Amino acid sequence: DTAVSQTPKYLVTQMGNDKSIKCEQNLGHDTMYWYKQDSKKFLKIMFSYNNKELIINETVPNRFSPKSPDKAHLNLHINSLELGDSAVYFCASSLRVSGANVLTFGAGSRLTVL
Amino acid sequence: QKEVEQNSGPLSVPEGAIASLNCTYSDRGSQSFFWYRQYSGKSPELIMSIYSNGDKEDGRFTAQLNKASQYVSLLIRDSQPSDSATYLCAVFIGSNYKLTFGKGTLLTVNP
């Protein structure tokens, strides 16, 4: 199936731990994103990579570190997890060169920090 | 001013009625506008995109764009209970193609 896939779907961990979320797309897109959706359902962009180059880096604590090994993969590593990091993290991808640049989202990774 | 603003609702309409969802945006240079639908516990899915002033129709959905007023809307005709979801307005802000979302409007269609 062509899609944006994220792992894990659910993640429960203790404060202070380090965790990673992985994302892969097989749509042939050139741009990938991480969005955070908090408990109030507000969807906020965190990072974007175009052809492995970081092009958007919003005001996010430096405990969050994205990494794009190639155009099809974008990972998110979070150090020293805090309670406020609990949210759903969505990966998305798009074909920026198309002009329309429509985003396709993954199913989300629900992170709960205890 | 927030970059993309929507009435948070909730908006409740009876089955068969027209649901009207509104959105304003701050960046006059924005050229691309989108409506996403998000069911509870699911990811956002694109339902409409619009790039030019005027109306764009797709089935029961009509998107309307007025760049002079910095206003975009979504009309859902013959609303069905399956349309009950949060509708997210999204606009590309700035030159780096940052897709910025409004806070969403929760729509409930009552049978």
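The values are calculated or read from the model by the stated rules, or taken from the named source; none is laboratory data. Model, not experiment: these values are computed from the prediction. So basically every Cβ, Gly included, is an ideal-geometry build from the backbone, and we count neighbours across all protein chains shown. For accessibility, only protein heavy atoms count, side chains too; no ligands or nucleic acids. Shrake-Rupley method; radii C 1.70, N 1.55, O 1.52, S 1.80 Å.
The condition (being open to solvent by 40 Å² or more (accessible area, probe 1.4 Å), under 14 Å from the mean Cα position of the chain (by Cα) and at negative phi) is satisfied by just one residue among B:Leu46, B:Leu65: B:Leu46. Of all residues in the range B:17-30, exactly one satisfies the criterion of being at pLDDT below 95, surrounded by fewer than 18 Cβ atoms within 10 Å (Cβ to Cβ) and in contact with a strand residue (DSSP E or B) (Cβ under 7 Å, 6 or more places away or on another chain), namely B:Asp27.
Here's the yes/no breakdown for (1) hydroxyl-bearing (Ser, Thr, Tyr); (2) surrounded by 12 or more Cβ atoms within 10 Å (Cβ to Cβ); (3) outside any loop (DSSP other than H, G, I, E, B):
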residue: A:Leu11; (1), (2), (3): no, yes, yes
residue: A:Gly16; (1), (2), (3): no, no, no
residue: A:Ile21; (1), (2), (3): no, yes, yes
residue: A:Leu27; (1), (2), (3): no, yes, no
residue: A:Met32; (1), (2), (3): no, yes, yes
residue: A:Tyr35; (1), (2), (3): yes, yes, yes
residue: A:Lys41; (1), (2), (3): no, yes, no
residue: A:Lys44; (1), (2), (3): no, yes, yes
residue: A:Phe47; (1), (2), (3): no, yes, yes
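Test B:Asp58 against the stated conditions and say whether it is open to solvent by less than 20 Å² (accessible area, probe 1.4 Å) and away from chain A (no Cβ under 12 Å). No: the conditions fail for B:Asp58. Screening A:Leu76 against (1) aliphatic (A, V, I, L, M); (2) in contact (Cβ under 8 Å) with a residue 40 or more places away in the chain; (3) open to solvent by 20 Å² or more (accessible area, probe 1.4 Å); (4) outside any loop (DSSP other than H, G, I, E, B) leaves a single unmet condition, (3). Against the condition farther than 25 Å from A:Gln6 by Cβ, more than 9 Å from the chain's Cα centre (by Cα), within 14 Å of chain A (Cβ to nearest Cβ) and of a type outside the set (A, V, I, L, M, F, W, C), how does B:Tyr51 come out, does it pass? Spelling it out, B:Tyr51 is indeed farther than 25 Å from A:Gln6 by Cβ, more than 9 Å from the chain's Cα centre (by Cα), within 14 Å of chain A (Cβ to nearest Cβ) and of a type outside the set (A, V, I, L, M, F, W, C).
Listed conditions (1) within 22 Å of B:Glu5 (Cβ to Cβ); (2) in a loop (DSSP other than H, G, I, E, B); (3) facing another protein chain (nearest Cβ under 8 Å) are all met by A:Ala107, apart from (1). The residues of the range B:31-43 that are free of Cβ contacts under 8 Å to residues at least 60 places away in the same chain and open to solvent by 70 Å² or more (accessible area, probe 1.4 Å), listed by number, are B:Tyr39, B:Ser40, B:Lys42.
Pairs meeting the criteria (first residue in the range B:49-69 and within 19 Å of B:Ala17 (Cα to Cα), second residue not in a strand (DSSP E or B), beta carbons under 6 Å, at least 6 apart or on different chains) are B:Arg60/B:Arg77; B:Arg60/B:Asp78.
Please work out if B:Val13 is in a strand (DSSP E or B), farther than 25 Å from A:Gln37 by Cα, open to solvent by less than 60 Å² (accessible area, probe 1.4 Å) and more than 14 Å from chain A (Cβ to nearest Cβ). Yes: the conditions hold for B:Val13.
The set of residues from the range A:49-69 being open to solvent by 60 Å² or more (accessible area, probe 1.4 Å) and assigned to a strand (DSSP E or B) comprises A:Glu53, A:Leu54, A:Asn57, A:Lys67, A:Pro69.
Entry remark, the range B:67-111: residues being part of a loop (DSSP other than H, G, I, E, B), over 23 Å from A:Arg96 (Cα atoms) and more than 8 Å from chain A (Cβ to nearest Cβ) number 9 in total.
Taking each residue of the range A:50-71 that is away from chain B (no Cβ under 13 Å) and charged (D, E, K, R) and looking for partners that are buried (at least 16 other Cβ atoms within 10 Å of the Cβ) and assigned to a loop (DSSP other than H, G, I, E, B) with beta-carbon atoms closer than 8 Å, six or more apart or interchain, yields A:Lys52/A:Lys71; A:Arg63/A:Leu81; A:Lys71/A:His29; A:Lys71/A:Asp30.
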